[in-house]
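Each reported figure results from applying straightforward, stated rules to the coordinates on display, with no laboratory input. Just so it is clear, the model here is predicted, and its values are computed rather than measured. Cβ atoms come from the backbone with ideal geometry, glycine included; neighbour counts cover every protein chain shown.
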Amino acid sequence: MSESFTPMALSIDENAEVKTFTVTLTKSNRIVEVSNNKPLLKALQEQGINPPHGCGMGICNTCSCEKLTGTTQNMQNKSVCGNNNTALRLCVNAAQGPVSLDL
Ligand code: FES
């Protein structure tokens, strides 16, 4: 018997206004700008930051880090999370405001 998983696609609303927000990385003492239309993992990688990651599609949880503050949106199911001090999968979530991460 075999199991297969089909990851949910990341959906990007082409008509949504693209906004830029600051992401503060508290452990590495860096502040970077990211846009709201791409996952945080990809946005950080484009700036030379390479957080631990695996599948890149929201399954393995390797990219999970603590979001200290801020609002993010899951790009698979569109759920918005404004909770502080919560686990965040960087590969499927985008910033929807200034975000602070324990990275
Ligand atoms: S890299 Fe696998 S869940 Fe994010």
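Among V32, V18, V92, the largest mean-square fluctuation in a Gaussian network model of the chain, built with springs joining Cα atoms closer than 10 Å, belongs to V18. The alpha carbon convex hull volume per residue for the chain rounds to 102 Å³.
If you take all other residues with their beta carbon under 13 Å from the beta carbon of V32, and give Lys and Arg +1 and Asp and Glu -1, the sum is +1. For A87, the shell of other residues with beta-carbons less than 13 Å away shows a net charge of 0, using +1 for Lys and Arg and -1 for Asp and Glu. Restriction of the trypsin sites (Lys or Arg not before Pro) in the chain to DSSP coil positions whose beta-carbon has at most 16 other beta-carbons within 10 angstrom yields K19, K27, K78.
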